[in-house]
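All remarks here apply to the structure that follows.
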Amino acid sequence: MSHRIPSRRRARGAALVETAIGTTLMVTVIAFGIHFAEVGYLSLKVQESAISALWNSTHRKMHTTALDYTEADDAVEDAGRDAARRYADFNGLSNINRAAGITQAFTRGQNLTVNCDTGGAGPDWEGTVVTRLIYRDQGPAHCTAQAELSAIRIPTSFLQNDRDGEKGLYKEQHVDTNFSNLRVCSTGRPVAGQCQGEFSMLVDDWGLAGGNILSSETRTCQMLLGQMPYEMNPPIYLPIPCLNLPFFSAVYGTYLPTAIVIPWMADMMPLAVLGFPAPINSRYFFMSAPGEEMLMTQYPLLDQLGGSGMFPTTPGSPMALSTPTYGYAWARRLGKGRCFLGKDCD
């Protein structure tokens with residue numbers, strides 16, 4: 001018995017020492033595990049801020065058709081400034097207003113910036129020369145973001161005591177101060193201390209939008225005087241704008257360069273093919289694009305020899321006999337609460 005008791009005590013003592021040493025290592029592993037998790041979370045917030053700015057720019061006014069296309073630049077830049085303000089606290093929610101920067105358990109984030117602009121390299125739209133006169137490509141939108149992350153509350157060495165000048169339990173340091181501060185980019189890594197990567201996207205599909213009484217792009221567009229001006233003696237073959245001036249200007253500006261090559265024989269083709277002449281002179285510009293509020297039909301009706309005088313807008317009008325499927329689809333959507341683009345038509 002006298003020989004076994006010291007052996008057991010030495011074994012228990014060795015286990016206790018190993019546990020104490022292992023605990024010091026586990027503390028380090030857990031602390032740095034939390035720090036790296038915080039770095040990963042905040043890095044995703046930096047990426048999110050750039051993507052948020054890019055998508056947020058798409059709902060802003062991009063142009064005034066046929067007059068001003070530089071509004072896309074202002075829209076994208078404003079979206080970048082708005083994202084920088086919302087994500088200054090690494091949160092992004094506009095209803096939570098905190099001081100800039102964030103401090104977590106072992107990580108501090110600060111100086112998050114977002115910059116957006118248009119033009120330069122990236123996706124573009126290659127339309128014809130004639131089309132580009134009106135539908136101008138301002139280039140893609142670009143957004144990039146960056147922030148500074150730093151390690152905090154992590155001692156340089158384990159059991160470090162700065163007050164007493166003790167360097168710690170181990171010779172090797174926990175943290176190298178040269179690498180405790182990180183510059184995080186929305187995409188890629190920093191080059192010479194600056195983030196070069198960026199997210200790009202095409203913006204402005206030249207869709208018709210709202211506006212004031214003169215610039216509204218959502219009004220109906222039809223020949224208000226019918227064909228009366230062209231039946232006068234002498235006839236007035238001038239483009240007469242509709243109430244939707246931007247839409248009219250865009251279509252007329254695209255049509256005009258190509259109308260020069262239309263020969264006079266074009267007016268004779270309907271008579272030869274359909275058996276009745278064209279109701280309007282095809283060498284001149286006429287535009288009628290009524291919407292649902294006008295049952296997609298031109299009013300006043302146009303005179304037409306041997307016909308009804310009705311010229312429905314395709315697609316949609318139930319009177320579009322040449323394309324009955326459009327009329328059928330429109331009638332179904334109308335009967336189902338105008339279901340379209342995400343609304344179930346049953």
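The values are calculated or read from the model by the stated rules, or taken from the named source; none is laboratory data. Computed from a predicted model, the values in this text were never measured in an experiment. Cβ: placed from backbone, ideal geometry, glycine included. Neighbour counts: every protein chain shown. In case anyone asks, the SASA skips ligands and DNA or RNA and just uses the protein heavy atoms, side chains included. Shrake-Rupley method; radii C 1.70, N 1.55, O 1.52, S 1.80 Å.
Regarding residue 240, is this residue of a type in the set (Val, Ile, Thr) and either within 21 Å of residue 76 (Cβ to Cβ) or touching a Phe, Trp or Tyr at 6+ places or on another chain (Cβ under 7 Å) (or both)? No, not satisfied. Quick one: is residue 81 modelled with pLDDT of 90 or more, under 16 Å from residue 50 (Cβ atoms) and open to solvent by less than 40 Å² (accessible area, probe 1.4 Å)? Here the answer is no, as residue 81 does not meet what is asked.
Okay, residues lined up against (1) part of a strand (DSSP E or B); (2) among the small types (Gly, Ala, Ser):
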site	(1), (2)
66	no, yes
96	no, no
110	yes, no
123	no, no
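Among the candidates 251, 273, which residue alone is open to solvent by 40 Å² or more (accessible area, probe 1.4 Å), in a helix (DSSP H, G or I) and modelled with pLDDT of 85 or more? Checking each option against the conditions leaves just 251.
The set of residues in segment 129-173 that are assigned to a loop (DSSP other than H, G, I, E, B), modelled with pLDDT of 80 or more and over 27 Å from the mean Cα position of the chain (by Cα) comprises 152, 153, 154.
Annotation: of all residues in segment 90-107 being in contact with a Gly (Cβ under 7 Å, 6 or more places away or on another chain) and not aliphatic (A, V, I, L, M), the one that is surrounded by the fewest Cβ atoms within 10 Å (Cβ to Cβ) is 101.
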